[in-house]
Every structure is written in C-alpha cells, then in structure tokens.
Amino acid sequence: MKKRVLSGIRATGRLHLGNYLGAIKGMIELQNNPSYQCFYMVADAHTITTPYSPSELQKNRVEIIIDYLAAGLDPEKSTLFIQSQINEHFELAYYFSSIVSIARMQHLPTYKEKVKQYPDANTMALLNYPVLMAADILLYKADLVPVGIDQEPHLEVAREIARKMNQIYKTSFPEPKRFATSGEYIPSLKGEGKMSKSVEGSYINLTDSLDEIVKKIRSIPTSTEVGGPIIGGIKTLFILSEIFLPKNLYQEFKDKYHNKTLKYVELKDTLAQAIYEELKPFQEKRSQIVSDINYVKKVILDGAEKASQVAQETIKEVKEKMGLL
Ligand code: AQP
C-alpha cells in the first residue's frame with residue numbers, strides 16, 4: 001500500500017518564496033514519487049485562527065488552489081482540496097482535544113509568538129491550532145508532511161496524539177514525520193526572523209514582477225562594509241544566493257565578500273534576476289489557469305469527493321474505538 005502525504009497552506013494571502021521552497025517544492029517531489037499518495041489542502045479553517053477578512057478568505061482559498069496548480073501540483077496525481085469542505089477535520093480535532101492538556105498547548109512557541117503578534121486575538125481556535133493540524137494529518141493517516149521547519153513543534157504534537165490515541169483506544173495512526181526540503185527555513189528580507197506573509201517587507205511573492213523583485217532584494221539591509229560576519233540581511237542574501245545562483249557564481253560572490261571586493265548591488269541584481277527566472281514559468285502557467293476558472297472549480301469539487309472518502313473511513317474507525325458508534 002502507498003504511504004500517505006498531507007500538507008496545507010493557510011489562505012492568508014499571496015504565497016511567498018518561503019512557502020514555495022519550504023513546502024511546495026517538497027509537495028511536488030512527493031507527488032512525483034509513485035510510492036506516495038498525496039493530499040494537499042488549503043488550510044482555510046486555520047486561517048480564521050488569526051484576524052482575517054471573510055471576503056478576502058473566500059477569494060484567497062481559490063487563489064491557493066490556483067497557486068498549487070501553477071506550481072506543478074497535478075490533480076491527476078494529488079488530491080487538492082479545501083479543508084473546511086471536509087467536516088471530519090473538525091470532528092476528529094474535537095475527539096483529539098479530549099486527550100490533550102491545555103498546558104501543553106499554552107507552552108508551544110508557535111502559540112506564544114502568535115499571541116505576541118495578535119494580543120487581542122488569544123482565542124480558543126488559536127490554542128487549538130495544533131490539535132486541528134494533528135487531525136488534518138491523521139485523518140488521512142499520513143506518514144509524511146512536507147512543511148517548513150517552523151512547523152516541527154506542531155508535528156511533535158501530532159505524533160504525541162497518534163501515540164496516545166493508539167495506546168488508549170487501539171487506533172492505528174502512524175507517527176507522521178516532516179519531509180524537509182533544502183529551503184526549510186527562508187529568512188526574512190528584513191534580516192531578522194523568517195519570511196512571513198503577515199510581516200510586511202519580509203517576503204517576495206511568487207507573482208512579483210522583475211521590477212518588484214529587484215526593489216525588494218535591493219532593500220535587504222547590508223552594512224556599509226564588506227567582509228565582516230555574515231549575519232542579518234547579509235545572511236539572508238547569501239542563503240537566497242546559495243539556493244538560486246549556480247554553485248560557481250555563488251562561490252565567486254562569497255569569495256569577493258571575504259576579500260572585500262564585493263559590490264552589494266551587483267550581487268543583489270544578479271540574485272533578483274535568478275529568482276525571477278525561477279518564478280517566470282510559474283507566473284506564465286498561473287495566468288493560463290486563471291483564465292479557466294471552471295477547471296479550477298472542478299479540481300476543488302473532485303478533490304473534496306476524494307478526500308471525503310478517506311476521511312469518512314478514519315472517522316468511522318475512531319468513533320467505533322471511542323465508543324461513539
Ligand atoms: N520562511 C519560511 N521558510 C520555509 N518555509 C516556510 N513556510 C512558511 N514560511 C516559511 C512554510 O510554508 C507552509 C505554509 O505555511 P502556513 O500555511 O502556516 O503559512 P504561514 O507559515 O503562516 O506562512 P506565513 O508566511 O508565515 O504566514 P503568516 O504570516 O500568515 O503566519 C508551511 O509548510 C510552512 O512551514
């Protein structure tokens with residue numbers, strides 16, 4: 001039997017390089033490996049755990065499906081669906097919440113960060129985020145989860161829940177592992193923290209034009225001198241360069257940095273051009289897909305049907321084992 005894969009992206013806005021390199025690249029790699037059966041969702045229910053606009057969410061969740069298709073996810077190979085259309089995610093999260101302590105959730109670094117970011121939105125839904133994520137993964141009995149390294153604490157919770165459910169109720173959940181890509185942590189353009197949709201000035205969108213990319217890369221803070229420690233914005237520049245530039249060119253810029261002959265603008269503009277070249281095919285495919293919205297709607301409908309079949313089987317098993325059937 002094929003191993004299962006689950007991943008998702010919150011519908012909080014346009015995707016950025018971090019989402020692409022940390023999650024989508026891994027999603028594509030696993031989709032193209034015949035040993036895996038992949039389920040990729042738009043995590044719209046996770047989107048409402050932080051302040052949001054309903055009309056934006058309605059638009060964004062379709063935009064993410066379009067991004068998935070443009071990036072190379074293929075509905076013939078992967079099940080692409082919208083999380084909230086499968087009620088079993090919420091049902092399973094509720095059952096799981098009966099074996100998770102409030103203290104465990106309150107101590108998670110991801111929870112603390114979001115509370116700091118949105119002090120007026122310290123809600124039950126936010127606290128419950130990792131439980132819903134465990135339900136997303138375990139509903140499909142997924143072994144592998146292609147996500148960035150920032151999600152590791154949540155995966156640990158999912159493994160704990162799987163173990164506990166198997167121990168108490170004799171269910172058969174796998175302990176899911178993260179599938180890491182070489183871009184598992186893309187730093188912010190501001191030189192501090194990770195590239196993040198909700199931090200203005202931190203990201204490059206997959207749909208950015210060459211001019212926008214040049215402007216954003218030029219804005220990465222660098223010191224007036226070259227040759228010092230590689231930290232902050234300089235570190236971001238070199239991390240992105242290592243990913244996007246050919247090895248010899250990357251090495252050349254690094255050598256120039258160390259022997260103090262580097263001109264930042266030269267490195268920045270070369271990098272911006274290389275990023276744009278990588279994104280161009282995505283952008284071209286995206287504009288084709290946008291012009292056929294009926295196709296996108298069909299992908300969403302078919303995906304919901306396929307996901308629902310698997311979800312119902314798991315819920316039946318869990319309800320039986322928990323004495324609810
Ligand atoms: N900077 C990053 N580097 C590598 N991977 C990243 N991911 C996010 N940022 C980086 C990965 O992208 C996937 C989608 O993440 P999400 O749905 O949780 O969205 P997000 O992490 O909430 O994305 P943002 O940009 O950080 O959005 P906001 O600011 O709204 O919270 C995940 O696999 C994540 O690891």
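Okay, here's what the table says:
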{"read-out": "Entirely in the stretch 1-106, the strands (runs of 3 or more DSSP E) that have 3 or more residues that are within 16 Å of the ligand (Cβ to nearest atom) and closer than 19 Å to R178 by Cα", "value": "3-10, 36-43"}
{"read-out": "So M195, is it touching a Gly at 6+ places or on another chain (Cβ under 7 Å) and at pLDDT 95 or above", "value": "yes"}
{"read-out": "First in the stretch 143-160 and without any contact (Cβ under 8 Å) to a residue 24 or more places away in the chain, second anywhere and within 11 Å of the ligand (Cβ to nearest atom) and among the hydrophobic types (A, V, I, L, M, F, W, C), Cβ under 7 Å, 6 or more apart", "value": "L155/V145"}
{"read-out": "Complete set of residues in the stretch 182-201 that are more than 8 Å from the ligand (Cβ to nearest atom) and of a type outside the set (A, V, I, L, M, F, W, C)", "value": "S182, K190, G191, E192, G193, E200, G201"}
{"read-out": "Close pairs (6 angstrom Cβ cut-off, 6 or more residues apart or separate chains): within 10 Å of L6 (Cβ to Cβ) and part of a helix (DSSP H, G or I) in the stretch 126-139, at pLDDT 95 or above and polar (S, T, N, Q) anywhere", "value": "L139/T314"}
{"read-out": "Filter result (surrounded by 15 or more Cβ atoms within 10 Å (Cβ to Cβ) and over 17 Å from Y140 (Cα atoms)) within the stretch 165-184", "value": "Y169, A180, T181, G183, E184"}
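The values are calculated or read from the model by the stated rules, or taken from the named source; none is laboratory data. All values reported here derive from a predicted model rather than from experimental measurement. Cβ atoms come from the backbone with ideal geometry, glycine included; neighbour counts cover every protein chain shown.
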